[in-house]
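All remarks here apply to the structure that follows.
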Amino acid sequence: MTDDAKIDALIKLLDDPDEQIYSQIKDELISIGGKIIPRLEIFWEEHQYELNLQERVEEIIHKIQFETVLENLKEWLDDPAKDLIDGAMAIARFQYPDLDADKIRDQINRIRNAVWLELSDDQTSYEKVNILNRVIYDEFGFRGNKKNFHSPQNSFINDVLESKKGNPLSLSLIYSYIAQSLDVPIYGVNLPNHFILAYVDTENMIELLDHVDKDDEVLFYINVFSRGTIFSKTEIDKFLKQLDIKKDEKYYTPCSNTEIIKRMIVNLHNSYSKLGFEDKVEELEAVLKLFN
């Protein structure tokens, strides 16, 4: 029997009333991976009036897609480059398995090119940030999603790019990625209850892989959620004091791309937890284990 014939034979057995047999078939189909999803979708359409059978097919498709999310994030963690957009897209596929990666890249590149047209080598760090702010907030219309701050959509990069609304982390990810792609040294800072950006000293240009040298001096900070407002270390001091949190170097210096993507997953976990989506919370806990 050919592989295709074997797959078709297994799919036809999905209506077996014996739960143990179904469990065995399910595990075998899941082990085959994403290539069987089109066949399963056709089978689902052919049995649109058999709800129990459709639920079984949906369960298998979802499980395969979730396993793909885990594999993508494992590959991302193993990749020395740890591209932020690749990481964000891997998370977005948790909700949108058919995510169009080329569309995401095109949307990011349109913003990047608009910034690039206005940048020059003789500009100061403040002037460069003003250009980023004008393009991202005024020209493209991005803003903080203050009305629905805890919405899961704030953690999916495709939703943020479409709606132009996000939380501090998702907006910071897009902002810093565009800046770094243009050699503007802006990196994320993982504050408690917030996420901000740091403009680091350009005396010695950083090569960002999965770390930033803690000796690099931060010139100033940027609050992306508040239309790119520039502020100083003193404001972080006040913020930590309000939260009754002890000062720590990590709250003042750039964090790794791994920390950014992990924080995005934590945010998504918290969003679904508030909504009571226990199945998604459980799956995201499995995702977080990859980072421990």
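Please treat every number below as a calculation from the coordinates, not as lab data. Fair warning: this is a prediction, and the values are worked out from it, not measured in the lab. Don't worry about glycine lacking a Cβ; one is built from the backbone with ideal geometry, like all the others, and counts go over all protein chains shown.
See the values below:
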read-out: Neighbour-count order for Val281, Val160, fewest beta carbons within 10 angstrom listed first; value: Val281, Val160
read-out: Within the chain, helix-based [θ] at 222 nm, where runs of 4 or more DSSP H residues each add -39,500 (n - 2.57), nearest 500; value: -17000 deg cm²/dmol
read-out: Computed P(r) (all Cα pairs; region 49-92; 10 Å bins; percent); value: 27, 35, 21, 14, 4
read-out: For region 84-291, average projected area of the Cα convex hull in nm²; value: 11.7 nm²
read-out: At 0.692 mPa s and 37 °C, Stokes D of region 3-78 from Kirkwood alpha-carbon radius, µm² per second; value: 253 µm²/s
read-out: Length-normalised contact order for the chain - Cα pairs under 8 Å, 6+ apart - percent; value: 14 percent
read-out: Kyte-Doolittle at least -1.0, axis length at least 24 Å by Cα - qualifying DSSP helices, the chain; value: 51-78, 257-275
read-out: Fewest-first sequence of Tyr175, Tyr22 by Cβ atoms within 10 Å of each Cβ; value: Tyr22, Tyr175
read-out: Fraction of the pair-distance distribution of region 36-146 above 26 Å, Cα-Cα pairs, percent; value: 46 percent
read-out: Which of Leu288, Leu169 has the fewest Cβ neighbours within 10 Å, and the rest in rising order; value: Leu288, Leu169
